[in-house]
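The values are calculated or read from the model by the stated rules, or taken from the named source; none is laboratory data. Note that the structure is predicted; figures quoted are calculated from it, not measured. Glycine gets a Cβ as well: all are built from the backbone with ideal geometry, and neighbour counts include every protein chain shown.
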Amino acid sequence: MRAALWVVLVFAACAPSESGRKSAAADSGAATAPAAAATSAPAFSGPAAGLVGRWDGRTYRSAKDTGIAYSAVRRAEGGAVVSTVTPSAGPTLVFKTSSLTDSTFVQETSSRYDSTYKTDVITYSEGRFFGDSMSGTTEVRAAKGGKVLNKTTFKAKRVAVRP
């Protein structure tokens, strides 16, 4: 909950100001979080600064798997980080970040029908990011009941700060 509030505060503080309006961070007296590394700092600071940009990676079903390549564009949108993930095989997925700290994130897709599983699914992902590296797990879950239908791991490198 604090991470989600932090994301809202960061984006409110970075939004263009309107006449007579103060940012949520200024109203609360909260200290500004340090920006990401100077070489990769986007136009805003805080936890989201470490996650936005273009990331290229691979997702693996097992340790012996060669993986499936993907590209992810993560951008600030409406007080959250939205990720558009395009794998080399399969449909493009849009994730919305529900929790974000200075080194971890949780994101999920909206419910959608998946012909492989012949049911509505939600793809849930949680990971860690550090500098320009990221790793974590992704699960495909049944939208009703939450049964895990598939689980993979992923690794990625940031290739561009701006999407």
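A few notes on this one:
- Of the residues making up segment 86-103, those that are within 17 Å of SER133 (Cβ to Cβ), of a type outside the set (Asp, Glu) and either crowded, with 16+ Cβ neighbours inside 10 Å or touching a residue at least 60 places away in the same chain (Cβ under 8 Å) (or both) are LEU100, THR101.
- THR66, sole failed condition from (1) modelled with pLDDT under 90; (2) out of contact with any strand residue (DSSP E or B) (no Cβ under 7 Å at 6 or more places or on another chain); (3) within 30 Å of ILE122 (Cα to Cα): (1)
- Pair list, Cβ < 6 Å and 6+ apart or interchain, from segment 52-77 residues that are within 11 Å of PHE154 (Cα to Cα) to residues that are hydrophobic (A, V, I, L, M, F, W, C) and in a loop (DSSP other than H, G, I, E, B): ILE68/ALA89
- Entry remark, segment 140-163: residues being closer than 16 Å to SER83 by Cα, surrounded by fewer than 18 Cβ atoms within 10 Å (Cβ to Cβ) and touching a Ser or Thr at 6+ places or on another chain (Cβ under 7 Å) number 3 in total.
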